[in-house]
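Notes follow once the structure below has been shown.
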Amino acid sequence: MERICFRTFSLIASSLFALGLTNTALAEHKTGTETVKLTQVYAVTMPGSRDPSMDGACKEKYGSYLGQTVTSKYDINTQTLIMFATSNVFGTPVELHPLGLSTSYSFMSDGVPQALADKGVSRVIFSVKLDYSQPESDVMADLSDTHNCVMTNLKM
């Protein structure tokens, strides 16, 4: 009788453990779509520092893109750390690659399709916090040999 009870207990415990693992695995895989509106444009130097003295030039060159939306789709598995993302920028899909940051799920393009390059765009970045909140899309575009412009949905 003890042996049957132990087997039954083991079977139930194993089943509950397996269910727990299944639910955990599902919780560690997240897909989503985020659409944000580009509301700000600012200048950065080539090393990446902000340069407010050039913000006006960025607004003059790329201000017509403010108000446009960027839609990003992501697929993140936190257990395997396999992640994918794409962003649709000005009607053009852009493949993004994970950056491997510990504070957010962040992705960046490796260049852009020609349709975006023709508009001056050189890079696209998408990010969400670890709890999948605060989606951020940044579209980097050329200004000069020393500066780039960043269009973003974040408030400065």
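What to note about this one:
- Restricting attention to the stretch 63-90, the residues that are more than 14 Å from the chain's Cα centre (by Cα), under 27 Å from residue 133 (Cβ atoms) and modelled with pLDDT of 95 or more add up to 6.
- Candidate set: the stretch 93-125, residues that are of a type in the set (A, V, I, L, M, F, W, C) and not in a strand (DSSP E or B); chosen: the one modelled with the lowest pLDDT: 101
- Some residue of the stretch 20-31 being over 30 Å from residue 146 (Cα atoms), at pLDDT 50 or above and of a type in the set (D, E, K, R): yes
- Boolean, residue 34 is farther than 14 Å from residue 148 by Cβ and out of contact with any strand residue (DSSP E or B) (no Cβ under 9 Å at 6 or more places or on another chain): no
- Residue in the stretch 113-141 that is nearest to the chain's Cα centre (by Cα), counting only those that are more than 13 Å from residue 41 (Cβ to Cβ) and among the acidic types (Asp, Glu): 136
- Filter result for residue 115 (of a type in the set (Gly, Ala, Ser), under 27 Å from residue 59 (Cβ atoms) and surrounded by fewer than 21 Cβ atoms within 10 Å (Cβ to Cβ)): yes
The values are calculated or read from the model by the stated rules, or taken from the named source; none is laboratory data. This one's a predicted model, so the numbers in the text were calculated from it and none came from an experiment. Every residue, glycine as well, gets a Cβ built from its backbone with ideal geometry; the counts of neighbours run over all protein chains shown.
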